[in-house]
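Working notes for the structure below.
Read-outs throughout are calculated quantities, based only on the coordinates presented, and are distinct from any laboratory measurement. The model shown is predicted, which means the values in this text are computed figures rather than measured ones. Using ideal geometry, Cβ is built from the backbone for each residue, glycine included, and neighbour counts are taken over all protein chains shown.
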Amino acid sequence: MKIFYLIVYLLFLSCNNQSKELIKVNTTFKEVSPKENFDGFSLVIPIDGCGPCVEKGISFSKKNLKNPKILFFISSQLNLKPIYQYYTEGELSTKSLLLDKSSLFFKNGLINQGHLLLLEIHQGHVDKMTDIEPNEVDDILSKLEKSINN
């Protein structure tokens, strides 16, 4: 019987932590996003994160900047100056590429180890958050590409 209570307790803790994470990500998303009722996806790219991951995220964003089903957030723990190495002024002025100038994704503990972060958004509310591990980047970006182009 003790094992049953332990399992229920651990499930409660797990659900509670996920709820807290979703509350944090929704608060952060609302602070940095100008689109209140957005439906689609958002890819958070930590510019000073995992090198190959960042490069793949930037390449994906450049390819999909005009897609209305996705927003890209560029965040940095240090500063956003490196962004000018990757994007032109024209690309930076698009409405789907947004800068997290206050580093909220980092300050709120949403970016882990510099990984890309994928958000699924419905009517301006983040329903799901996925921390993309380096070995999953190619697969997840490929699936995301199919989702936003259907």
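For residue 48 and residue 125, FRET efficiency with R0 = 30 Å and r from the beta-carbon atoms, rounded to 0.05?
With R0 = 30 Å, the Cβ-Cβ based efficiency is 0.60.
Stretch residue 27-residue 63 to full length: gain in nm at 0.36 nm per residue minus the Cα-Cα span?
Gain on stretching residue 27 to residue 63: 10.2 nm.
Sorting check: for 136-145, 111-120, which peptide has the highest mean count of neighbouring beta carbons within 10 Å, and how do the rest follow?
Answer by packing, highest mean first, reads 111-120, 136-145.
Would you mind checking which residues have amide H under 5 Å from residue 97's amide H? H placed 1.01 Å from N; only 5 or more apart, or other chain.
Counting only residues 5 or more places away or on other chains, the set is 72.
What pairs in 101/143; 81/146; 69/143; 35/66; 66/107 have C-alpha atoms more than 25 Å from each other?
Correct reply: 101/143; 81/146; 66/107.
Order these peptides, 36-46, 61-71, by their mean beta-carbon neighbour count within 10 angstrom, highest first.
36-46, 61-71
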